[in-house]
Amino acid sequence: MNKTLLDISRQFWEAMEHADEVGMRACAHPDCNFVHIGITCKLDKEIEFYTSGAFQPTNITFHSQKAELFGDTGVVLTDCDYSLLLDGKETTHHFMVTEVYTQDEKRWKLVTFSFTALVY
């Protein structure tokens, strides 16, 4: 089951990296929450950031991913360096991303995607 969570996490990351709205919606619950360094938003707004070009990933380096199950809730911790053009300016941060998934009709769906900057 942990492999399934890691697979859906990677699918979401790939969809996000390629501004793939269909792929992002396939992995996420419609009311999913996203927490960034300066904003909190729902799925529609997150998709808009990527499809409009406001967020343009340039490089994502994954250091590790760990999945844990807590009943019908799954948590993936993704340690990564995330580089993107943010409103046309290059930025890179080292993040621990907390991804929370729940089962929806026997499929895992992302419900929270939260970026925490690591400063070590």
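The values are calculated or read from the model by the stated rules, or taken from the named source; none is laboratory data. All of these numbers come straight from a predicted model, not from anything done at the bench. Reconstructed Cβ throughout: ideal geometry from the backbone, glycine too, with neighbour counts over all protein chains shown.
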Suppose we filter 5, 84, 43, 77 for residues that are of a type in the set (A, V, I, L, M, F, W, C) and touching a residue at least 40 places away in the same chain (Cβ under 8 Å); which single one remains? 5
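State all residues of region 35-86 that are hydroxyl-bearing (Ser, Thr, Tyr), in contact with a strand residue (DSSP E or B) (Cβ under 9 Å, 6 or more places away or on another chain) and over 20 Å from residue 111 (Cα atoms); if no residue qualifies, say none.
To start, the set of residues in region 35-86 that are hydroxyl-bearing (Ser, Thr, Tyr) comprises 40, 50-52, 58, 61, 64, 73, 78, 82-83.
Then drop every residue that is not in contact with a strand residue (DSSP E or B) (Cβ under 9 Å, 6 or more places away or on another chain), which leaves 40, 50, 58, 61, 64, 73, 78, 82-83.
Scanning region 35-86 gives 58, 61, 64, 82, 83.
Restricting to region 20-44, count the residues that are modelled with pLDDT of 95 or more and farther than 18 Å from residue 100 by Cβ. Let's see the steps before the verdict.
Kept after step one, since they are modelled with pLDDT of 95 or more, are these residues of region 20-44: 20-35, 40-44.
Subsequent filtering for residues that are farther than 18 Å from residue 100 by Cβ retains 20-23, 44.
Here the count works out to 5.
Answer yes or no as to whether residue 49 is of a type outside the set (Asp, Glu) and at pLDDT 95 or above. Before you say what the answer is, go through the steps one by one.
On the way: of a type outside the set (Asp, Glu): yes; at pLDDT 95 or above: no.
It is false that residue 49 is of a type outside the set (Asp, Glu) and at pLDDT 95 or above.
Tell me the residue from 98, 112, 116, 61 that is surrounded by fewer than 12 Cβ atoms within 10 Å (Cβ to Cβ) and polar (S, T, N, Q), please. Show your work before the answer.
Working: 98 fails: surrounded by fewer than 12 Cβ atoms within 10 Å (Cβ to Cβ); 112 fails: surrounded by fewer than 12 Cβ atoms within 10 Å (Cβ to Cβ); 116 fails: surrounded by fewer than 12 Cβ atoms within 10 Å (Cβ to Cβ).
Sole residue among the options that is surrounded by fewer than 12 Cβ atoms within 10 Å (Cβ to Cβ) and polar (S, T, N, Q): 61.
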Report, by residue number, each residue of region 42-68 that is over 24 Å from residue 3 (Cβ atoms) and of a type in the set (Ser, Thr, Tyr). 50, 51, 52, 58
